[in-house]
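**Q** My structure is below; once you've seen it, I'll send some questions.
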Amino acid sequence: MVNVKVEFLGGLDIIFEKQRTHKVNVKRDGEQEVTVGMLIDYIVLNMIKNPKDKDVFIENDTIRPGILTLINDTDWELEGEKDYVLEDGDIVSFTSTLHGG
Amino acid sequence: MSYTAPSDPKKPKNVKISQLCELCHSRKALIKRPKNLQKICKLCFFHVFETEIHNTIVSNELFQQGEKVAVGASGGKDSTVLAYLLKLLNERHRYGIKIVLLSIDEGIVGYRDDSLATVKRNKEQYDLPLEIVSYRELYNWTMDEIVACAGVRNSCTYCGVFRRQALDRGAAKLGIKHVVTGHNADDMAETVLMNILRGDVARLEKSTAIMTQSSGSPIKRSKPFKYAYQKEIVLYAHYKKLDYFSTECTYAPEAFRGTARELMKNLEAVRPSCIIDIIYSGENLRLRPKRAKRAPPQSHIEVRSDGSVSLPSQGFVDGNRCERCGYLSSNSICKACMLLEGLQKNRAQMSIDKDISVHGAAKLTRTLENLSF
């Protein structure tokens, strides 16, 4: 099991019952390591209550363009995106940049 | 509603050499700049981002010593970062400007009231004066009432026209001649793209200007974030833990702009530099000067088929004023007054429908009101 903190910022919390911070436990599948890709699958499967909201978060099987994904405050592009292996205490944040300013 | 800062991550573990910042080579790179794909650390990012905005301001001579400047503040990410940065740069580089926050209250319950609360907090956080101008006091209509009357589909048309004027009027009230807005590179590229897609060539040339001023108008507008990526603005706000409001407007966003935005975001995912590239293209598009129409001689009077005659026209004069409100307008009545008139007619109808005193003094008053000489 891996314990991580997931944050939905920049208005994204609206599809997660208006809660910005979530503690998430992702179960290991046997000996397999838990990656960010698996965390995203977990979020889509278990945390998005309204199926219509899925498209706000996911597009073509990845995070929708316009949503900024940070792993421990580092752009996930620099961490191998979905292949990053999660450790206990990691913070993964998703920030929407799409609303007006 | 109050502000909750994003959480701080735990201390980073051992950093590989390949992960180091490309500028200082001493800290872990946290971001990859969309402009040039450079990998840099948080502190270098602050430095580079602030310096770029400073360079934009200096090279375009946006400010003058002693100038009073109003920041169009919505409480959203762009204007919050703009207010914060202008204050910082003004102190660091001694622009000698006075900064005031200027907010427009459109009267949208559940959206603007919350974002205004953010601006009020910003006022305290950055120690800047704040002025709020409302549609209610300017036009005697709130956006909620307008939508109830004209429907949600046209909401952005009304809101856009009214806000543009409201910002000018708010600035004029404060005796300020310069309004800065938080429009960023993404917004500008989006606008260029929209104008191309709509074939709106007339707007295309103007849409990339960093500073605009209609002739005859005392108020100029500028966009210091013209070259700043939305992604970097959001990252800056995130790392600096700036308090900003982020909820989409209650009313449907302008459909066409939404589609253009989607397209831009998809393009950016493939090729991040395309945002700057579109702006660059927009800046360098030059329209072939229009061939002057051969105007009929001044004395020329056309007799139309219905027997009416045309009077010699005044033609389009830049700097015209609206007959009703005195605001700058290319027609005799400005767009806002025209929209208001349409709304007013609807409201009058609604009130007459409910009115039971169809005859008598009330009717006489109304008839008298409608008389014109």
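The values are calculated or read from the model by the stated rules, or taken from the named source; none is laboratory data. These numbers come from a predicted model, not from an experiment. Every residue, glycine as well, gets a Cβ built from its backbone with ideal geometry; the counts of neighbours run over all protein chains shown. All accessible areas refer to the heavy atoms of the entire protein, side chains included, with ligands and DNA or RNA removed. Shrake-Rupley method; radii C 1.70, N 1.55, O 1.52, S 1.80 Å.
**Q** At 0.36 nm per residue, minus the direct Cα-Cα distance, what do B:K345 and B:S59 gain on full extension? Give it in nm, one decimal, please.
**A** 98.0 nm
**Q** Counting only Cα, what are the radius of gyration and maximum Cα-Cα distance Dmax of the range B:45-284, in Å?
**A** For the range B:45-284, the Cα radius of gyration and maximum Cα-Cα distance read 17.5, 49 Å.
**Q** For the range B:122-149 and the range B:20-71, compute the distance between their C-alpha centroids and round to whole Å.
**A** Cα centres, the range B:122-149 to the range B:20-71: 32 Å.
**Q** Report the extension gain between B:V15 and B:E369 in nm, rounded to one decimal, defined as 0.36 nm multiplied by the number of residues separating them, less their alpha carbon distance.
**A** 119.6 nm
**Q** If I model a spin label as a point 7 Å beyond the Cα along the Cα-Cβ vector, how far apart are those points for B:F256 and A:K18 in nm?
**A** 3.5 nm
**Q** Hey, another quick one. Give me D for the range B:148-266 in µm² s⁻¹, whole number, from Stokes-Einstein with Rh from the Kirkwood sum over alpha-carbon pairs, 37 °C and 0.692 mPa s.
**A** 200 µm²/s
**Q** Here's something else I'd like to know. Given labels modelled 7 Å from the Cα in the Cβ direction, how far is it in nm from B:H25 to B:M211?
**A** Inter-label distance under the simple model: 4.0 nm.
**Q** Counting only helical runs of four or more DSSP H residues, what would the 222 nm mean residue ellipticity of the protein assembly as shown come to if each run contributes -39,500 (n - 2.57) and the total is spread over all its residues?
**A** Result for the protein assembly as shown: -12000 deg cm²/dmol, rounded to the nearest 500.
**Q** Can you give me the solvent accessible area of B:I333 with a 1.4 Å probe, rounded to the nearest 10 Å²?
**A** My reading of the accessible area for B:I333 is about 40 Å².
**Q** Shifting gears a bit: Work out the FRET efficiency for B:L88 and B:A117 from their Cβ-Cβ distance, taking R0 = 22 Å, and round it to the nearest 0.05.
**A** 0.40
**Q** Quick one: order B:K98, B:K32 from most to least accessible surface, probe 1.4 Å.
**A** B:K98, B:K32
**Q** While we're here: Of all DSSP beta bridges in the range B:45-284, what percent run antiparallel (nearest 5)?
**A** 10 percent
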